[in-house]
Structures are given as C-alpha cells and as structure tokens.
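K.L.:
The structure is given below, and queries will be raised subsequently.
The values are calculated or read from the model by the stated rules, or taken from the named source; none is laboratory data. Bear in mind the structure is a predicted one, so any value in this text is a computation, not a measurement. Counting neighbours? That spans all protein chains shown, and the Cβs are built from the backbone with ideal geometry, glycine included.
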Amino acid sequence: MRLAVVGANGKMGGELIRAVKRIDGVTLSAAIVRQGSSYVGQDVNILVDGEKTGIIITDDPLPALAQSDGILDFTQPEASVMYAGFAAQARIVHIIGTTGFNPDQENKIQSAAAHAKIVKSGNMSLGVNLLAGLVHKAAQALSPNDYDIEISEMHHRRKIDAPSGTALLLGKAAANGRGVDLKKVGVYGRDGIMSPRQDGEIGFAALRGGTVIGDHSVIFAGTNERLVLSHFAQERSIFADGAVKAALWAYKQEKGLFSMLDVLGLND
Ligand code: NAP
C-alpha cells in the first residue's frame, strides 16, 4: 500500500514517515507540507535522518495523491477537512489523527466518507482504545448517584487544543456507558462556577507543560473510594504505528467513516 504523509515536518509527521519505513506492506509515496514551506524540494531524509530516499518533499497535493492509496494526516482541522475532500475525489484511504474539530468540520468529514475510506480517532494507540472500553464498562457498572466521573489530561506545552481529543474520546466512552449525551453532561473547567457539582456531570481538566506526550486518567470518585483508570504515552511512535495499522485495515474496507475501535475489533 502506497502512503502519503501530510504535515510531514510536524512532530507526528516524522513519526509517521519512520513507521511507514519500519512496517511491512506499506511504502512512502509522498511527503507533503504546507504551501510555500522551506522544506519543499528537499529529500525526505532531512525530516527523519538516514540515507537519501529519492522522495522529494512537496507542497502540491494532487500529483502526490494520484500515486497514493492512502493519506496519513496528523495536522490541523482545516487541513484535514481539505484532505478528506481530496481523499473523497480520489476514492482512497484517509487516516485522520488530527484533533480539535468543530461540528461543521466534523460534518464535512462525515460527507467525505460517502466516497473515501476514513479512519478518524483522537488517539490511535491500542492502549487508549482498550482504556476506552474499560471506561465504558466501569461507567455502566457505577451509578451516577454514587460515582462522579472526572477526566484529567496532561500534554506538552505546545499543544493547541484543550481538552485533548483523547480526553473527549474517553468522555464519550463514559457517557455512552451511562447512556447519556456528553454534550449535555460535559463540564469543561469549573472556573467561576459557585455551586456544588451536579450528579451525572462528566468533568474535564487540562494541564499543559514540558514535553509530556499524553497522560490521561478517568477518575470514578465514590464515597470513601476512587477507581482511577489511566494511560501514559511514552513515545509518539505508538500513534504512528496505530495509524499505519489503520491504513492497512481501511484499504480492505468499503467507503465509510470508522474509528480505531473498528480497526482493533473492539467495537462490540
Ligand atoms: P505539529 O508538530 O504542530 O505538526 C502539525 C503539522 O501539520 C505541521 O507540520 C504543520 O505544518 C502541518 N500543517 C498544518 N496545516 C497544514 C496544511 N494546510 N497543509 C500541510 N501541512 C499542514 O503537531 P503534532 O504534535 O504533530 O500534532 C498534530 C495533530 O495530531 C494535533 O491535532 C494533535 O492533537 C494530533 N495528535 C493525535 C494523535 C492521535 O493518536 N490521534 C497523537 C498525537 C497527536 P507547519 O509546520 O508548516 O505549520
């Protein structure tokens, strides 16, 4: 399978290129950067070290995608919406790891999935997707009258969206477990709220600093006990490996919008 990496000069872009080189069954077809980037025209090896690859970094997506079976995309929401459109035109695979979409952008991606094979997830790691399954089960078992759910996350100082896509993914798993809509029960920061916590709320707290790759904890706080389910990412390579795995899986599917739970067979 021929894979193009978009946002090739980003933190995840480099990880994705390394993962494509490392994993059997895939080859790098293109490395795409933002229009006018200073990386254009240079060999991909400038981004990941190692020997020259012969693949020249480009800012012209259409010719690059014409020779690709899929796109690996961890960029920014506007870029991912644009690439979902390209994937739909070309009827190819689009793996979206980007986070921070607004509802309008989510709808555009859903529309693109009428023609493209899209896998979108706020976290591509096996561990976090398993955690989501455990959170779903715990939320089913622990009544909102007895257990309060709070989700905390910490990421590096340069992260631009909050709460993280993974925290939202875990919040949705908890809300689904309780049979409620996260849009109705989610509370994002309690600054200025001068009243006690309401039963059934799912609270979020975001910390930023240093080089933390991604820590998440879902806390079920009851009377005299707390259950804490956590995941700590130690290397970005876990997300890149998951993205390549998702691409190989999606290559064999019909068009549609899928999650990592579908890819990992955890969606029962
Ligand atoms: P980053 O280092 O800032 O990289 C983002 C890249 O996207 C940059 O190379 C940027 O180019 C590029 N980009 C933005 N708009 C573009 C456009 N229109 N065309 C081409 N390239 C464009 O950020 P990161 O840490 O790699 O994270 C990227 C995204 O992935 C974030 O949304 C993050 O939350 C998410 N993420 C998801 C997972 C997961 O498992 N789902 C894991 C880690 C991160 P410039 O440098 O030119 O601006």
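K.L.:
May I ask you to verify whether M82 is within 12 Å of the ligand (Cβ to nearest atom) and closer than 18 Å to R18 by Cβ?
P.N.:
no
K.L.:
If you scan the range 214-236, which residues turn out to be surrounded by fewer than 18 Cβ atoms within 10 Å (Cβ to Cβ) and within 16 Å of the ligand (Cβ to nearest atom)?
P.N.:
Selection gives D215, F232, Q234, E235.
K.L.:
On to the next question. Can you confirm whether N145 is within 21 Å of V218 (Cβ to Cβ), over 15 Å from the mean Cα position of the chain (by Cα) and more than 11 Å from the ligand (Cβ to nearest atom)?
P.N.:
So N145 passes the test.
K.L.:
For the range 250-257, indicate whether the set of residues that are modelled with pLDDT of 95 or more, polar (S, T, N, Q) and farther than 19 Å from D73 by Cα is non-empty.
P.N.:
no
K.L.:
Regarding T99, is this residue within 12 Å of the ligand (Cβ to nearest atom), modelled with pLDDT of 95 or more, surrounded by 18 or more Cβ atoms within 10 Å (Cβ to Cβ) and not in a strand (DSSP E or B)?
P.N.:
no
K.L.:
For the range 155-184, which positions are assigned to a loop (DSSP other than H, G, I, E, B) and within 16 Å of the ligand (Cβ to nearest atom)?
P.N.:
H156, R157, R158, K159, I160, D161, A162, P163, S164
K.L.:
Count, please, the residues in the range 175-195 that happen to be in contact with a Phe, Trp or Tyr (Cβ under 9 Å, 6 or more places away or on another chain) and surrounded by 16 or more Cβ atoms within 10 Å (Cβ to Cβ).
P.N.:
1
K.L.:
Additional query: Which one is farthest from the ligand (Cβ to nearest atom) among residues in the range 8-21 that are part of a helix (DSSP H, G or I) and either free of Cβ contacts under 8 Å to residues at least 40 places away in the same chain or among the small types (G, A, S) (or both)?
P.N.:
Among those residues, the one meeting the criterion is K21.
K.L.:
Could we say that M1 is within 15 Å of the ligand (Cβ to nearest atom) and within 28 Å of Q105 (Cα to Cα) here?
P.N.:
no
K.L.:
Scanning the range 102-121 for residues that are in a loop (DSSP other than H, G, I, E, B) and in contact with a Lys or Arg (Cβ under 9 Å, 6 or more places away or on another chain), which turns out farthest from A8 (Cα to Cα)?
P.N.:
Ranking the candidates gives A114 first.
K.L.:
With the requirement that a residue be surrounded by 19 or more Cβ atoms within 10 Å (Cβ to Cβ) and either over 18 Å from the mean Cα position of the chain (by Cα) or not in a helix (DSSP H, G or I) (or both), what does the range 62-89 give you?
P.N.:
A64, L65, S68, D69, G70, I71, L72, D73, F74, T75, F86, A88, listed by residue number.
K.L.:
Right, here's the next one. Does L126 qualify as being of a type in the set (A, V, I, L, M, F, W, C), more than 10 Å from the ligand (Cβ to nearest atom) and closer than 24 Å to D215 by Cα?
P.N.:
Judged against the criteria, L126 is a match.
K.L.:
Scan the range 125-138 and tell me whether some residue there is part of a loop (DSSP other than H, G, I, E, B), of a type in the set (D, E, K, R) and touching a residue at least 24 places away in the same chain (Cβ under 8 Å).
P.N.:
no
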